[in-house]
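*Asks:* Structure below; questions to follow.
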Amino acid sequence: MVRVTTDRTAPATAAPDVGPAALLDGLLDPGTVASSDLVDLLAAVCDVPSVSGDEAALADAVERVLRAQPHLDVLRDGDALVARTHLGRDRRVVLAGHLDTVPLTDPPNLPTRLETAPDGTVEMWGRGTVDMKGGVAIMLALAVELGRPGVEPAHDLTYVFYDHEEVEASLSGLGRLVRNRPEALAGDFAILGESSNNGIEGGCNGTLRVEVRTHGVAAHSARAWAGVNAIHAAAPVLARLAAYQAREVEVDGLVYRESLGAVGIRGGIAGNVVPDACTVTVNYRFAPSQGVAEAEARVRELFEGFEVVVTDAAPGARPGLDDPLVADFAAAVQAATGTEPRPKYGWTDVARFAELGVPAVNFGPGDPVLAHKDDERLPVARLAAGRDALRSWLLDAGTAPGA
Ligand SMILES: [Zn+2]
């Protein structure tokens, strides 16, 4: 076994031929990935930096690992990879995760390092440990193991590793796969390795961004009576927002809490001019019980009498817990980790699978509260716990008596 825990503080140039990408190869071939290997694997996938737009080196390393598995059929599209088993099972489960991260801190929070918290918890610190290379490491380990002779999963499996999740939606590697290779993403259920504390976070809220615009008449501020102040005209817009009571909506047994509020305000061109235009930018995070059109209608009703322009919208996703396969996974995770299914408030790529008609949930080892933070870190015991819950369900689901 290759150990990488010995000296992570050494500069990467000290051993150029045993870089993280080479370690990935060594860690994954051959054999079942043991818990300690899983920790090394997480370090390896994190220590190949992959800030959005710069995923090629990690995608290359992951591709090498996947192509070395005889039970996987692999395709690459840009820096996205899809690897599939063809075991002739009735149903197919998709395991998906993005390879990119948000930018590093200054000084850089890579390479990763292990630290022991005061309560004795061993944590891996560094960019990507939470969002979402913990999930990626688990999926990679499963990709290597499940489907080898004697390790028969209950369903056919599709692994999707993709680029450009942490940037604007138009660049999304998963969105590109949806456009270029939708058939490769086909499945009965998708599990996204986004951080969820090893619990199920189902579906996600949708998001709608609008500009509420007011208009006035410009004038010299010394003779303000000659003009009409557009910023003052926005006062009722702010009053309606301040008074708005966000809804809580139950969908498939989970309660989604909505948010609606101003995220920006713009107006005025100089310190001596009555502004003739003002724009309040409003973001509505809406429960997946309604689509974009309904959400837009709700916002237009709230701002009746004002000009409302939609600038950005993405539908949410129902949690899909009414689907027997999803419900079975949720029950298995709850039994294994003691965590009840919860709603996901932030928008995630489960919505893209929902659009393809594939129910999807988030299930990953990280704590979502630490995603994108400077002190991003993962208690390493969560890796094996998450992998074990997922692995045993993939091996047993649908084959247990009465299932
Ligand atoms: Zn993420």
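*Asks:* Could you check how many residues of the stretch 280-315 are buried (at least 21 other Cβ atoms within 10 Å of the Cβ) and farther than 24 Å from Glu248 by Cβ?
*Replies:* Of all residues in the stretch 280-315, those buried (at least 21 other Cβ atoms within 10 Å of the Cβ) come to 280, 282, 284-288, 295, 315.
In the following step, the residues that additionally are farther than 24 Å from Glu248 by Cβ were identified as 280.
So the answer is 1.
*Asks:* Kindly list the number of the only condition in (1) free of Cβ contacts under 8 Å to residues at least 24 places away in the same chain; (2) part of a loop (DSSP other than H, G, I, E, B) that fails for Arg89.
*Replies:* Status for Arg89: all satisfied but (1).
*Asks:* Further question on the same structure: Taking the stretch 227-259, which residues are open to solvent by 60 Å² or more (accessible area, probe 1.4 Å), over 36 Å from the mean Cα position of the chain (by Cα) and free of Cβ contacts under 8 Å to residues at least 40 places away in the same chain?
*Replies:* His232
*Asks:* Restricting attention to the stretch 150-194, which residues are under 15 Å from the mean Cα position of the chain (by Cα), in contact (Cβ under 8 Å) with a residue 24 or more places away in the chain and assigned to a loop (DSSP other than H, G, I, E, B)?
*Replies:* The answer is Asp163, His164, Glu165, Glu166, Val167, Ser172, Gly193, Glu194.
*Asks:* Something else: I'm told Ala224 meets every condition in (1) more than 30 Å from Ala381 (Cβ to Cβ); (2) within 16 Å of the ligand (Cβ to nearest atom); (3) at pLDDT 95 or above except one. Can you identify the failing condition by its number?
*Replies:* (2)
*Asks:* Of the residues Gly206, Gly202, Gly253, Gly193, which single one is closer than 19 Å to Glu296 by Cβ and either at pLDDT below 95 or within 16 Å of the ligand (Cβ to nearest atom) (or both)?
*Replies:* Details: Gly202 fails: closer than 19 Å to Glu296 by Cβ; Gly253 fails: closer than 19 Å to Glu296 by Cβ; Gly193 fails: closer than 19 Å to Glu296 by Cβ.
The match here is Gly206.
*Asks:* How many residues, within the stretch 115-133, are open to solvent by 50 Å² or more (accessible area, probe 1.4 Å) and touching a helix residue (DSSP H, G or I) at 6+ places or on another chain (Cβ under 8 Å)?
*Replies:* Here the count works out to 1.
*Asks:* Can you tell me which residue within the stretch 55-101, out of those that are within 16 Å of the ligand (Cβ to nearest atom) and of a type in the set (D, E, K, R), is most open to solvent (accessible area, probe 1.4 Å)?
*Replies:* That would be Asp79.
So that you can scan it fast, the table gives a plain yes or no per residue for (1) within 16 Å of the ligand (Cβ to nearest atom); (2) modelled with pLDDT of 95 or more; (3) assigned by TED's automatic domain parsing to the domain that holds Val178:
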residue	(1), (2), (3)
Arg342	no, no, yes
Thr348	yes, no, yes
Arg352	yes, no, yes
Gly364	yes, yes, yes
Pro368	yes, no, yes
His372	yes, no, yes
Glu376	yes, yes, yes
Ala384	no, no, yes
Gly402	no, no, no
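The values are calculated or read from the model by the stated rules, or taken from the named source; none is laboratory data. If you're wondering where the values come from, they're calculated on a predicted model, not measured in any experiment. Counting neighbours? That spans all protein chains shown, and the Cβs are built from the backbone with ideal geometry, glycine included. The protein model used for the area step is the full one, side chains on, heavy atoms only, and it has no ligands, DNA or RNA in it. Shrake-Rupley method; radii C 1.70, N 1.55, O 1.52, S 1.80 Å.
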